[in-house]
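What follows is a short report on a single structure.
The values are calculated or read from the model by the stated rules, or taken from the named source; none is laboratory data. These numbers were taken from a predicted model, which means no experiment stands behind them. With ideal geometry, Cβ positions are generated from the backbone for all residues, glycine too; neighbour counts draw on all protein chains shown.
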Amino acid sequence: MSAYTVRTATPADASGFVALVNRVADHDQTLGIDRFPFTPEQEAQLLASADPSIYLSLVAVAEAGHVIGVLAASRGSDSKLVHVSSLAIAVDEHARGTGVGSALLDAFFVWARAVQVRKATLSVLANNAPAIRLFLRHGFLPEATRRGQLRIGDDLRDELLMARWLPDGEVARHAP
């Protein structure tokens, strides 16, 4: 894998962002969506207008200029959820295992701390062992499994919900 850069996505990245997510969703069925929900034009508008304290879009861009990884996160804007951010990540098949996913997560954690996120959440297909290993290495822990949550082809697949509390080592303070 050649060198790459992780940075905040710009409107110029929208086509590459959408194309990568669609390619991953289409090809290996590791995402919980069939297609990216926006057109490149709609994504460019969102990237241009999003409040950076609420939304984060990151891209990993290879030396050749093509998008090889993406991470999208949103922090709650309601007072009851302002401390929580959900995220989604996709890495090009040929870039997996090269550190791209880790680099995207590391950049996410910088943003999360800056906007005072206390809990980061995500979901992953329960049979996606490489992604689960990545998330575990970055401090995410399983919180729940939603059985048969996703239909892929004729199969029902489980979805694993994972979370990490920030800053590192903080214990969640909530009533049982």
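Say we look at the stretch 23-59 and pick out the residues that are part of a helix (DSSP H, G or I) and closer than 12 Å to GLY69 by Cα; which of these is modelled with the highest pLDDT?
ARG23
Sort out which residues of the stretch 51-67 are surrounded by 15 or more Cβ atoms within 10 Å (Cβ to Cβ) and closer than 13 Å to ALA9 by Cβ, and write them in order of number.
Listed by number, the residues that qualify are TYR55, LEU56, SER57, LEU58, VAL59, ALA60, VAL61, VAL67.
Contact list please: Cβ distance under 6 Å, first residue in the stretch 50-69 and at negative phi, second residue of a type in the set (S, T, N, Q), pairs at least six apart or on different chains.
Going by the 6 Å Cβ cut-off, the qualifying pairs are ILE54/SER77; TYR55/SER74; VAL61/THR5; ALA62/SER2; GLU63/SER2.
Mind telling me which of the residues ALA90, ALA103, ALA114 ends up being of a type in the set (Gly, Ala, Ser), closer than 26 Å to VAL67 by Cα, surrounded by 14 or more Cβ atoms within 10 Å (Cβ to Cβ) and out of contact with any helix residue (DSSP H, G or I) (no Cβ under 9 Å at 6 or more places or on another chain)?
Checking each option against the conditions leaves just ALA103.
Name the pairs: first residue in the stretch 131-159 and within 29 Å of ARG118 (Cα to Cα) and in contact (Cβ under 8 Å) with a residue 40 or more places away in the chain, second residue polar (S, T, N, Q) and in a loop (DSSP other than H, G, I, E, B), Cβ to Cβ under 9 Å, at least 6 apart or on different chains?
ALA131/THR30
Part of a loop (DSSP other than H, G, I, E, B) and under 16 Å from ARG164 (Cα atoms) - does that describe any residue in the stretch 82-103?
For the stretch 82-103, residues part of a loop (DSSP other than H, G, I, E, B) and under 16 Å from ARG164 (Cα atoms): present.
Say we look at the stretch 68-82 and pick out the residues that are touching a strand residue (DSSP E or B) at 6+ places or on another chain (Cβ under 9 Å) and surrounded by fewer than 18 Cβ atoms within 10 Å (Cβ to Cβ); which of these is farthest from PRO11 (Cα to Cα)?
Among those that are touching a strand residue (DSSP E or B) at 6+ places or on another chain (Cβ under 9 Å) and surrounded by fewer than 18 Cβ atoms within 10 Å (Cβ to Cβ), it is LEU81.
Going by the structure shown, is LEU161 buried (at least 16 other Cβ atoms within 10 Å of the Cβ) and assigned to a strand (DSSP E or B)?
It is true that LEU161 is buried (at least 16 other Cβ atoms within 10 Å of the Cβ) and assigned to a strand (DSSP E or B).
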